[in-house]
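Contents: one structure, followed by commentary.
What follows is calculated from the coordinates using simple rules that are stated; it is not laboratory data. In this text, all values refer to a predicted model and were calculated from it rather than measured experimentally. Because the Cβ atoms are built from the backbone with ideal geometry, glycine has one as well, and the counts that use them run over all protein chains shown.
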Ligand SMILES: Nc1nc2c(ncn2[C@@H]2O[C@H](COP(=O)(O)OP(=O)(O)OP(=O)(O)O)[C@@H](O)[C@H]2O)c(=O)[nH]1
Ligand SMILES: [Mg+2]
């Protein structure tokens, strides 16, 4: 058993993955926490997998596409009491994982989500992404009555044991908001903490308009579906 599993989904992230893995390792140096790094890779055609293996991460191949799909596969393989997540693109501050995990334990949260928008510096996120994020927060609040400061954040630290209680349908980008909505609606202890978000290294996998609209469609459909 390890204290924390760090799960990272990748698709062609050779430009950043080495730095991200180094940052994760540095983050845990000098802490008493034991950890594993699971990289869930979908058909990368660049050196992502080779770099991850060189750096000692455990690589799980997942040929089915999708951000949510990758996390489901990674979570099923995780052995940690806690799970931490982040993108492979250098945007999320891996060095803050131990601090967030400590906060979770001290304040007895089940799920802590990193909030990118409170501290956001103008260059770190394009204007249309920022507006899209606000619109998605508003939609989640109007349709589901859940007020989130950053519904699309992909940096979370949570207790692995809560996964059994959640119904997670999305295999794509809406997985992020679905996960948070499920946690809140199931009455689990949820909070958001501000984190420092950085500009992406490498090419984006997101198709802003299509993914943004896909997220809104997901929220509408979920509102119309009777809950289990
Ligand atoms: N395994 C796997 N990973 C994926 C897939 N699609 C995206 N990812 C990874 O999921 C993370 C999030 O994707 P991003 O392209 O960064 O999406 P985003 O953060 O919404 O968009 P940016 O603001 O441009 O970074 C990255 O680490 C991607 O490499 C996929 O189909 N499979
Ligand atoms: Mg990203």
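Observations on the structure shown:
- Selected residue [in contact with a strand residue (DSSP E or B) (Cβ under 6 Å, 6 or more places away or on another chain), away from ligand 1 (no atom under 13 Å from the Cβ) and within 22 Å of residue 1 (Cα to Cα)] from 74, 80: 80
- Of residues in the range 74-95 being surrounded by fewer than 21 Cβ atoms within 10 Å (Cβ to Cβ) and not in a loop (DSSP other than H, G, I, E, B), the one farthest from ligand 2 (Cβ to nearest atom): 81
- Residues satisfying the stated conditions in the range 25-57, i.e. more than 13 Å from ligand 1 (Cβ to nearest atom), farther than 24 Å from residue 104 by Cα and loosely packed, with under 15 Cβ neighbours inside 10 Å: 50, 53, 54, 56
- Considering (1) under 25 Å from residue 201 (Cβ atoms); (2) surrounded by fewer than 21 Cβ atoms within 10 Å (Cβ to Cβ); (3) touching a residue at least 40 places away in the same chain (Cβ under 8 Å); (4) away from ligand 1 (no atom under 15 Å from the Cβ), the lone condition that residue 99 does not fulfil carries the number (3).
- Complete set of residues in the range 172-211 that are closer than 19 Å to residue 120 by Cβ and in a loop (DSSP other than H, G, I, E, B): 195, 196, 197, 198, 199, 200, 201, 204, 206
- Looking at 63, 81, just one residue is over 13 Å from the mean Cα position of the chain (by Cα) and free of Cβ contacts under 8 Å to residues at least 24 places away in the same chain, and that residue is 63.
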